[in-house]
Amino acid sequence: MKFGIIKERKNPPDRRVVFSPEKLKEFNKKFSDATIKVESSEIRVFSDEAYKSAGLEVTENMSDCNVLLGVKEVPIENLIPNKKYFFFSHTIKKQPYNRKLLLAILEKNIELYDHETIVRENGMRLIGFGRYAGIVGAYNGFRAIGLTKETFNLPKAENLDSQKELISELNKINLPNIKILLTGNGKVAYGAKEMLDAMHIKEVSVDEYLNNSFEEPVYCLADVLDYNKRKDGKVIDNFDFYDHPENYESDFMKFAKVSDLFIAGHFYGNGAPYLFTREDAKSKDFKIKFVADISCDVDGPVASTLKASTIADPIYGYNPETETEVDYKDENAIVVMAVDNLPCELPKDASEGFGEMFLENVIPAFFNNDKDGVLARAKMTENGKLTVRFSYLQDFVDGED
């Protein structure tokens, strides 16, 4: 079996890669039957030289590889027919901007495995960059505070080498006695939590957070049943919320009344209540001044997220009264950080972590006859058609959706 690490060609450039040189050396050692080639790239966070020094072949020609591994979408003109491809295709939610890509994949008889579709039997994702989105998103939230108040000036995350350097910079700043709300219970939220803990910010319970005042910065980690409630008043469990979101309404305002910084690290499912609406943000009781929206669902559950921001221009202001974008230094603005590709700012750490997960959870399936069904569940296309698991995309492919 020949594996190829492909060059990232999407714009804006993404410096991440599925495997670092060190992790590919480990791959080679564990699975000596595999042949691994690396496509030459001038933008990758690890240089061609680094791969060569690790004893790997770096080449311009990937046509003899069976399995091609990338991060972002492969441009249609660069797709090689009759191959197995792994990358984030951004098609599984019927994203209209990538319909032509999915059509091309089918026409070229490519087997597509989207990184998002690599899951356990229970549907939990096995790989992803969520932790690194949380790490950078939390950092950027504090950076926004410093830039707005002009009290400190953190360097851009993309100009630092690692999470360790981000933490070092954060520990140089002095924060006022702010209350920080962090939502979520997955990799994104826990990535953000790592940063808050590394800053030695005190974690408090939901009850303490809502009812007490503090002489130091504090944060609270809130899960879905903390900021949503059943309309009939019953308290069941998270699974009831996930299965029947229509039975719930937002209970977020109790947090909005006492929070200064909101770090949105939750997953938002279709049909769930919005956390706060544009009307909520108009309330005199709404005290949140800074929003680091890592989840970044535009015009959705976090009303201040009017658009995704960019690494180049990560912060904007939201005026609740006019419901429009304003300068983030406007005194009436909610300051919003809503970068939608945060892990790109920490490409080295993100690539190393991703490769570790990929080697542990995906690569063995190629050598053990896919005994756990990882590849079977993840396969979106085969023989020019959608697989049964992804047949729900047929109307999208046909242009009927």
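Summary table below
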| item | result |
| --- | --- |
| Criterion (touching a Ser or Thr at 6+ places or on another chain (Cβ under 6 Å) and modelled with pLDDT of 95 or more) met by exactly one of Lys179, Lys193 | Lys179 |
| Some residue of region 15-22 being part of a loop (DSSP other than H, G, I, E, B), touching a Pro at 6+ places or on another chain (Cβ under 7 Å) and surrounded by fewer than 14 Cβ atoms within 10 Å (Cβ to Cβ) | no |
| Residue in region 63-78 that is farther than 30 Å from Glu400 by Cβ and either without any contact (Cβ under 8 Å) to a residue 40 or more places away in the chain or in the same structural domain as Tyr268 (by TED's automatic domain parsing) (or both) present | yes |
| Residue match in region 190-209 (condition: touching a Gly at 6+ places or on another chain (Cβ under 9 Å), closer than 24 Å to Ala144 by Cβ, charged (D, E, K, R) and surrounded by 20 or more Cβ atoms within 10 Å (Cβ to Cβ)) | yes |
| Residue tally, condition of a type outside the set (Ser, Thr, Tyr) and in a loop (DSSP other than H, G, I, E, B), over region 193-239 | 17 |
| Filter result (of a type in the set (D, E, K, R), part of a loop (DSSP other than H, G, I, E, B) and under 30 Å from the mean Cα position of the chain (by Cα)) within region 61-80 | Lys72, Glu73 |
| Top-ranked residue in region 315-339 [being in contact with a helix residue (DSSP H, G or I) (Cβ under 6 Å, 6 or more places away or on another chain) and closer than 26 Å to Gly269 by Cβ; ranked as surrounded by the most Cβ atoms within 10 Å (Cβ to Cβ)] | Met337 |
| Any hit, region 74-85, residues being hydroxyl-bearing (Ser, Thr, Tyr) and buried (at least 18 other Cβ atoms within 10 Å of the Cβ) | yes |
| Number of the exception - Phe27 against (1) closer than 19 Å to Lys83 by Cβ; (2) part of a loop (DSSP other than H, G, I, E, B) | (2) |
| Failed item in (1) modelled with pLDDT under 95; (2) closer than 24 Å to Gly128 by Cα, with Ser32 passing the rest | (2) |
| Long-range neighbours under 8 Å by Cβ, at least six apart or interchain, first residue on the phi > 0 side of the Ramachandran plot within region 267-295, second of a type in the set (Asp, Glu) | Gly271/Glu246 |
| Unique residue being part of a loop (DSSP other than H, G, I, E, B), at pLDDT 95 or above and basic (Lys, Arg) when the list is Lys172, Lys164 | Lys172 |
| Qualifying residue in region 260-268 (condition: among the hydrophobic types (A, V, I, L, M, F, W, C), more than 16 Å from Leu182 (Cβ to Cβ) and in the same structural domain as Lys179 (by TED's automatic domain parsing)) | no |
| Residue pairs meeting the criteria (Cβ under 7 Å; at least 6 apart or on separate chains; first under 14 Å from Gly141 (Cα atoms), in region 182-207; second charged (D, E, K, R) and part of a helix (DSSP H, G or I)) | Leu182/Lys193; Gly191/Arg131 |
| Yes/no for Lys93 being more than 24 Å from the chain's Cα centre (by Cα), among the charged types (D, E, K, R) and assigned by TED's automatic domain parsing to the domain that holds Leu112 | no |
| Residue that is nearest to the chain's Cα centre (by Cα), among those in region 313-338 that are in a loop (DSSP other than H, G, I, E, B) and free of Cβ contacts under 8 Å to residues at least 24 places away in the same chain | Asp313 |
| Residues of region 376-386 satisfying the condition of being crowded, with 18+ Cβ neighbours inside 10 Å and either among the β-branched types (Val, Ile, Thr) or part of a helix (DSSP H, G or I) (or both) | Arg377, Ala378, Thr381 |
| Lone unmet requirement of (1) more than 19 Å from the chain's Cα centre (by Cα); (2) basic (Lys, Arg); (3) part of a helix (DSSP H, G or I) for Lys371 | (3) |
| Selection within region 117-128 - modelled with pLDDT of 95 or more and touching a Gly at 6+ places or on another chain (Cβ under 8 Å) | none |
| Qualifying residue in region 44-58 (condition: charged (D, E, K, R), within 26 Å of Ala376 (Cα to Cα) and not in a helix (DSSP H, G or I)) | no |
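To keep it simple, each residue is scored yes or no on (1) among the hydrophobic types (A, V, I, L, M, F, W, C); (2) under 23 Å from Glu360 (Cβ atoms).
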site: Phe129; (1), (2): yes, yes
site: Gly134; (1), (2): no, yes
site: Glu150; (1), (2): no, no
site: Ala157; (1), (2): yes, no
site: Asp161; (1), (2): no, no
site: Leu170; (1), (2): yes, no
site: Asn174; (1), (2): no, no
site: Ile178; (1), (2): yes, no
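The values are calculated or read from the model by the stated rules, or taken from the named source; none is laboratory data. Because the structure is predicted, anything quoted here is derived from the model rather than measured. Virtual Cβ from ideal backbone geometry, glycine too; neighbours counted across all protein chains shown.
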